[in-house]
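Undergrad: I'd like to ask you about the structure that follows.
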């Protein structure tokens, strides 16, 4: 009898796990029928088959000298917690913004500069964590609306001097939730103001739009054609490497 109940318990646990994994989107926090949403590799592949522009591209595959400092893969961020799985070492944008960023990087290289990326694609679950902490749409997206990061259309970035390896002065660090982070804040040093102007000019030239409260945040404007994703970085990377 004990063997029977042990076996029944294992079967029940598997069934519960399957139900949770395949739970309808409406049962996920902040996800409604109005939010285009994909949480599985199979769903992502289907969307790419329908529209190849939806393919995610590893930024290092198109910008070999890009520098990764993925803040949410460690604890050096405003939450002081690791929000991505340990050893997350890849980040992505959709095809069109990734290729546009590569063109911007080439122009920045002519100025002796390299891109350092703090974040790009961000799973929807991480946006929920942000919202629960900040709850201010001036700085974080409401999860029920999704975000450019969730769609693979936004990058948080700074610039590094190619010769010295040092970050340029932009007036604040990443994720500074004050007016000083606003792109046109008037109280900056001349150097920081010039660096913001240079970065903005090149990024806008290549099709990106700057977020009005964060000097480091640039988005690709055509967001309504893309689903919000909630897929681990490493799962995405494995899928891209197989294709």
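Undergrad: For the chain, with a Gaussian network of springs between Cα atoms less than 10 Å apart, report the residue from 165, 207, 146 with the top mean-square fluctuation.
TA: 165
Undergrad: Among 177, 92, what is the fewest-to-most ranking by other Cβ atoms within 10 Å?
TA: 177, 92
Undergrad: Do you know the relative contact order of the chain, to the nearest whole percent, from alpha carbon pairs under 8 angstrom that are 6+ apart?
TA: Computed value for the chain: 22 percent relative contact order.
Undergrad: Quick one: order 94, 196 by neighbouring beta-carbon count within 10 Å, fewest to most.
TA: Starting with the residue having the fewest Cβ neighbours, the order is 196, 94.
Undergrad: With a 10 Å radius around each residue's Cβ, average the other Cβ atoms per peptide and rank 74-84, 148-158, 219-229, highest first.
TA: Ranked from most to least packed, the peptides come out as 148-158, 219-229, 74-84.
Undergrad: Report the label-to-label distance for residue 76 and residue 99 in nanometres (one decimal), using points 7 Å from each Cα along the Cα→Cβ vector.
TA: In this crude spin-label approximation the distance works out to 3.4 nm.
Undergrad: With springs only between Cα atoms under 10 Å apart, run a GNM on the chain and tell me which of 61, 147, 127 wobbles the most.
TA: Of 61, 147, 127, the most mobile in the Gaussian network model is 61.
Undergrad: With r as the distance between the Cβ atoms of residue 234 and residue 166 and R0 = 41 Å, compute the FRET efficiency 1/(1 + (r/R0)^6) and round to 0.05.
TA: 0.85
Undergrad: On C-alpha positions alone, give me the angle between the axis of helix 95-109 and the longest principal axis of the chain, in degrees, nearest 10.
TA: It works out to around 30 degrees.
Undergrad: Take the chain, connect every pair of alpha-carbon atoms lying under 10 Å apart with a spring to form a Gaussian network, then pick out the residue of 216, 118, 131 with the largest mean-square fluctuation.
TA: Result: 131 has the largest fluctuation of those listed.
Undergrad: In nm, what is the difference between 0.36 nm times the number of residues separating residue 180 and residue 89 and their Cα-Cα distance?
TA: Details: separation 91, 0.36 × 91 = 32.76 nm, distance 3.00 nm.
Additional length available on full extension: 29.8 nm.
Undergrad: List the relative contact order of the range 53-156 as a percent without decimals, with contacts defined as Cα pairs under 8 Å and 6+ residues apart.
TA: Reported as a whole number, the value is 29 percent.
Undergrad: If you don't mind, there's one more thing I want to ask. Angle, helix 233-242 long axis vs. longest principal axis of the chain, Cα atoms, 0 to 90°, nearest 10?
TA: 90 degrees
Undergrad: Nearest 10 degrees, 0 to 90: what angle lies between the long axis of helix 190-205 and the longest principal axis of the chain (Cα atoms)?
TA: Taking Cα atoms only, the helix is inclined about 60 degrees.
Undergrad: With volume of the Cα convex hull per residue in Å³ defined as stated, name the option among [x] 134; [y] 123; [z] 151 computed from the structure displayed.
TA: Computed from these coordinates, volume of the Cα convex hull per residue in Å³ corresponds to label [z].
Undergrad: I need the per residue convex hull volume for the range 100-243, using only the alpha carbons, in cubic angstrom as a whole number.
TA: For the range 100-243, the hull spanned by Cα atoms encloses 126 Å³ per residue.
Undergrad: Of the DSSP beta bridges with both residues in the range 40-242, give the percent that are antiparallel, rounding to the nearest 5.
TA: Restricted to the range 40-242, the bridges split so that about 90 percent are antiparallel.
Undergrad: When only Cα pairs under 8 Å and 6 or more residues apart are kept, what is the percent relative contact order across the range 177-243?
TA: Over the range 177-243, the number comes to 25 percent.
Undergrad: In nm, to one decimal, how far is the residue 132 label point from the residue 191 one, both placed 7 Å along Cα→Cβ?
TA: Each label point is offset 7 Å from its Cα along the Cβ direction, giving 4.1 nm.
Undergrad: Related question: At 7 Å along Cα-to-Cβ for each site, give me the label-to-label distance between residue 40 and residue 205 in nm.
TA: Once both label points are built, they end up 4.5 nm from each other.
Read the figures in this text as sums done on the coordinates, not as results from a lab. Treat the numbers as computed from the prediction; the structure is a model and nothing was measured. So basically every Cβ, Gly included, is an ideal-geometry build from the backbone, and we count neighbours across all protein chains shown.
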